[in-house]
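What follows is calculated from the coordinates using simple rules that are stated; it is not laboratory data. Keep in mind that what you see is a predicted model, and the values were worked out from it rather than measured. A quick note on method: Cβ atoms are made from the backbone with ideal geometry, for glycine too, and the neighbour counts reach across all protein chains shown.
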Amino acid sequence: MAELVIPGLYRLEIPIPKNPLKATNCYIIKGTERSLVIDTGLRIPEALQALRTGLEELQVDLSLTDIFITHMHSDHSGLIPDIKAPSSVVYASAADAAIINQFATVKSGWDNLFNAACRNGFSSEEARQAIERHPGYKGSLAKTIDFTIVKDGDVITIDDFHLTCIETPGHSPGQVCLYEPNKKLLFSGDHILGDISPNITHWWDTGNPLGSFLDSLNKIEPLAIKLVLPGHRRVFTDCQGRITELKQHHQHRLDEAFTILSAGPLTAYQVAGHMTWDMSYRSWDQFPPPQKFFATGEARAHLRHLEVQGLICQEIIDGVNYYKHC
């Protein structure tokens, strides 16, 4: 059922079966002339049924509805083609729109992720299982989208909702939050979550996603925000308090990763296996391959940040990346 957040604004929970995230939050601003759907859900039958049922319950006319995608991950963008009408405007950042369309048409993106996993400590078999069981492997878009690109400071207006786009890279290269200054609302996508920490991952040889994420937290922190509407789990109020918690969490992670490397050169996979995770599994060996993939990507994001700070170094041995104290 659709949950009324404030007049004109509703939340739908779009299920992600057999996944720790449980569901994606889809927000609907129902306007008098046009409506706006913020994020859609994964391209699977259960999610599509939930989204369609919720939109029908709210009597949303899809021919008069636009779509805003906070970021490229398939649990937020996968159902765009299923609800997009010919007249719909689909908003996204340039960076994430390009990635969405790339993975919709060129499956070599998944091959690149497979190779990156192997370079960072996965066996070929476990890397293949991680990719094939990744939620986005089958749940991404089935075709490309003609996106309308938004950038920092752009405003989207639906009745008395004046939504300012704020670029907050980190969780994805082109993550964008929406801020309504009069109502003091923040649609945070996966930039700020209340009950869980956003996954900050890094598989490539350039960039520093964790550094970008921390900078993006600083960008949001001064804003007057009464209510945060995140991409997953509960809506919450104390945005500044949560930002402080996330900064502390990542500093702890950085300290932990640096300490683990005291044992000598290790791959990101090995470092992840020694880190503490809020999971029900008793040991790293019990983690399913997709969860190992997410954990290793997060470990590597922290290792990359330490590397940029000059605290650790990377070396390649037989085609595999190892990290060590400098």
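List of remarks:
- With viscosity 1.567 mPa s and temperature 4 °C, the Kirkwood radius over alpha carbon pairs of the stretch 141-193 converts through Stokes-Einstein to a diffusion coefficient of 107 µm²/s.
- Positive-end ranking of Ile220, Ile156, Pro15 along the dipole of the chain, with charges on Cβ about the Cα centre, is headed by Pro15.
- Between helix 289-308 and the chain: long-axis angle, C-alpha atoms, 0 to 90°, nearest 10: 70 degrees
- Each Lys and Arg Cβ is given +1 and each Asp and Glu Cβ -1; about its Cα centre, the stretch 122-265 then shows a dipole of about 280 debye.
- Protection proxy ranking, peptides 310-321, 170-181, average beta carbon neighbours within 10 Å, highest first: 170-181, 310-321
- Each residue, Asp215 and Asp152, gets one label point 7 Å from its Cα in the Cβ direction; the gap between the two is 0.8 nm.
- Computed from the C-beta positions of His252 and Lys18, the FRET efficiency with R₀ = 30 Å rounds to 0.55.
- Taking 7 Å steps out from each Cα toward its Cβ at Ile196 and Glu245 produces label points 1.5 nm apart.
- Nearest 10 degrees, 0 to 90: helix 45-57 Cα axis against the chain principal axis: 30 degrees
- Dipole size of the stretch 26-83 about its Cα centre, with +1 on Lys/Arg Cβ and -1 on Asp/Glu Cβ: approximately 60 debye, rounded to the nearest 20.
- Computed from phi, the 3J(HN,Hα) profile of the stretch 24-34 under the Karplus parametrisation 6.51, -1.76, 1.60 (θ = phi - 60°) reads 9, 7, 10, 10, 10, 9, 9, x, 6, 10, 9 Hz, with x in place of Gly and Pro.
- Of the residues Ala98, Pro81, Asn115, the one whose Cα sits farthest towards the positive end of the charge dipole of the stretch 1-144 is Asn115 (charges of +1 on Lys and Arg Cβ, -1 on Asp and Glu Cβ, taken about the Cα centre).
- A quarter of the convex hull surface defined by the alpha-carbon atoms of the stretch 16-151 gives 8.8 nm² as the mean projection.
- For the stretch 1-68, with +1 on Lys and Arg beta carbons and -1 on Asp and Glu, the positive-most of Thr53, Ser63, Thr32 along the dipole: Thr53
- Cα long-axis angle, helix 209-220 against the chain (0 to 90 degrees, to the nearest 10): 40 degrees
- Amide H within-cut-off set for Val5, under 5 Å, with H built and near neighbours excluded: Tyr10, Arg11
- Additional length obtainable on full extension of the chain from Ser262 to Gln49, 0.36 nm per residue less Cα span: 71.7 nm
- Identified option (computed percent of Cα pairs over 39 Å apart; candidates (i) 7; (ii) 12; (iii) 16): (ii)
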